[in-house]
1. Let me know the Rg and Dmax you get for the range B:223-279 when you use only its Cα atoms, in Å.
2. With θ set to phi - 60° and the Karplus curve 6.51 cos²θ - 1.76 cosθ + 1.60, what are the ³J(HN,Hα) couplings of the range B:123-129 in order, to the nearest whole Hz, using x for Gly and Pro?
3. Which far-off residues, 5 or more places away or on another chain, put their amide H under 5 Å from the one on B:H139, with H placed in the peptide plane?
4. Take A:R88 and B:D56, extend 7 Å from each Cα along the Cα→Cβ direction, and tell me the distance between the two endpoints in nm.
5. Inside 10 Å of the C-beta atoms of A:272-285, what's the mean count of C-beta atoms belonging to other chains?
6. With a 1.4 Å probe, what is the total accessible area buried between chains A and B, in Å² rounded to the nearest 100?
7. Which residue fluctuates most in the GNM of chain A (Cα springs below 10 Å): A:G261, A:G241, A:G40?
8. D for chain A, whole µm²/s, Stokes-Einstein with Kirkwood Rh over alpha-carbon pairs at 4 °C and 1.567 mPa s: what number?
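The values are calculated or read from the model by the stated rules, or taken from the named source; none is laboratory data. None of these values were measured; they are calculated from a predicted model. All Cβ positions, glycine included, derive from the backbone under ideal geometry; neighbour counts span all protein chains shown. With ligands, DNA and RNA removed, areas are computed over all heavy atoms of the protein, side chains included. Shrake-Rupley method; radii C 1.70, N 1.55, O 1.52, S 1.80 Å.
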Amino acid sequence: MAVDAPTRSPGDGPPVLEGTSEVATPGLEREAERAKARQGFLLGLPTIVYLLLFFVIPLGFVVAYSFATRTRSGRTELRDFNLDAYARLGDDIVMTVAWRSLWMAVVATLICLVLAYPLAYYISTRSPMVRNLMLVGVMIPFWSNFLIRTYAWRVLLDSDGLVTQAFEFIGLGDGRILFTSNAVILGLVYGYLPFMVLPLYAAIERIDWSLVEGARDLYASGWSAFRRVVWPLSRPGVIAGSILVFVPSFGAYVTPAILGGNKEGLLGSYIVLQFLSARNGPVGSAVSVVVLAVMLVATLVYFRSGGKNL
Amino acid sequence: MKAMKKWMRLVALLAVLGVVAASCGSDEESAGADCEAGETDGDLAFFNWSEYMDPDLITAFQDEFGVTVTEDFYPSNEEMFAKVSAGGTGYDVIVPSDYMISILVSEGMILELQKDAIPNHVNVSDKFNDPPFDPGSVHTLAYQWGTTGIGVDLGVTGPDVPLTWGLLFDADLAEEYGLSGRISLLDDPRETVGAALKYLGYSLNSTSADELAEAEAVIADAVSRVAAFDSDQYSELVVAGETIVGHGYSGNFLWDFEEGESEYTYFVPDEGGTKWVDGMAILVDAPHPCTAHAFINFLLDAENGAQLTNYNWYASPNAASEQYIDQEVLDNQIIYPSQATMDRLEFIEDTGDFEIEYTDALTRARG
């Protein structure tokens, strides 16, 4: 997370970072600073252009589309700008979909946290050799495509699938979960678990264990030492991991489409549905814009609240 | 710092200009290049329904004309339209169905075909020339035709199932045959809302808001028993035992039933259903209109048309192909329905302003 990296924007006035006395040679000093800034800008230029072309401008289109007009054939035309699409956002269906997405994303995030924390803790307390091997293990799933792995779950979860049969074998009754919301949550947890493990690992691995020893020396129980030392120190990892899991889960599309049977829409599927099936570009764009805004605000609030510990 | 600001502005300006230039370029009216029969002008980008083309035919075309064919697939007319309506997709040939052809023509999105570059157009049966959705066959030539109905795993339901859309929509029938959670519906507004309209005894081209609302309620009620809205894998799901009844197209069901271990059937319900014809069309902004003409001509060849039907088990609109089509295919009443069945079928027609109501109804119904 580079949010706290020192940044300098053009027009900040005389740079003071180096702590040199600029009174001595104001002209030269400023010139050198400028050259440095220019160099930095040129180095960053390709990325800036890239982001501008493929992120900022398309995003501008999405915003523009959300105010545009839908023709009778379902084309979106950039004229007669209006708020119709935003008026639709209050519809029951959009609300239902939004709450369902929120609920699923929260559940998936919590499950990921509960599963990942002990694992990350375990990994970070191993010897460097074992640690690296286990980290590779966590990342191995990324070696094959997410879509293929999700389809693999479909095979495991279908009526004759291994998971279903195992469920029935241990007496959990009709273990059929394909095309249910449980299957979607399972798919989300499976897909995003590594995103929770890695930041947690990075945070826990950094903890100075002498602090824990100190706590124990002061007669803290194991639980108490965890609660008052390890947990607060690993908070940055918890926050980063939660955001990395929550954000993509909230807008998930592939998982609900393949494992959820494309019904009980979540926001991601709802947006795709608006664009491709309903041919309602303005509403699809408006939902996207609102989701983006909500996510941005939520993330900022989350970072702010956790910021003291970061 | 001033210099940097200027820089930024310049970059932003260039970026915007680039985008504007790119989008203007795609708006340019294509003058409909003059193509000779068999002339090619580059590689072909083919945008087709999924599981609808014999890969051997693609290979044969590539070998014969020395071009490369890129295929992309869509599961519904609406999705295809949403993608090509933005323009600049780079696709040459698309395969829209009847009502979508009317829409594409009225939106000016497909070229008038140059018949002299497609000598094989004479092979198309009279029944499919001059269709109501494209008078005079000016913009399209028929690709394949078929019906939309229900595929059933008889191994689960037993051999006697009522031939009704109720298998998809009716709670009591779902109870009786254990279908709950084992039904798939097409992810396609006109087909799925149309099936509900037929179930209610209305026309599937209804433009009555009340009838549409009833149909929407029927689908909304069925959603809790539906496993999936799927236009790609409905037949695979039945054969895999994941669903028991599926809503889908005749040929795909037949194709996959061959693989299954159970007894299956496909039928068009007694209430009637959809017949459809898909036509080959060339987008106005097609980068390679001549290769596109050559490709359409190639597919309308008598033997190639037969090969297509023998492969995908949809009926051929190609009169010259009939002698090359396998007898078992011609005799199959699911592929070539009896006149009695045909009389119960309707084409989906463009409902104009009402079109969007269908898509909205399905979106609302699935919740």
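1. Cα radius of gyration and Dmax of the range B:223-279 are 12.0, 36 Å respectively.
2. 6, 5, 4, 4, 4, 10, 7
3. B:L113
4. 4.6 nm
5. Details: counts 2, 6, 3, 3, 10, 14, 11, 10, 5, 3, 0, 2, 1, 0.
Per residue, the number of nearby Cβ atoms from other chains is 5 on average.
6. Values: alone 19220 and 16260 Å², together 31690 Å².
Protein heavy atoms only, the A-B interface buries about 3800 Å².
7. Checking each option, the largest mean-square fluctuation is seen for A:G40.
8. Working: Rh = 23.5 Å.
Answer from the Stokes-Einstein relation: 55 µm²/s.
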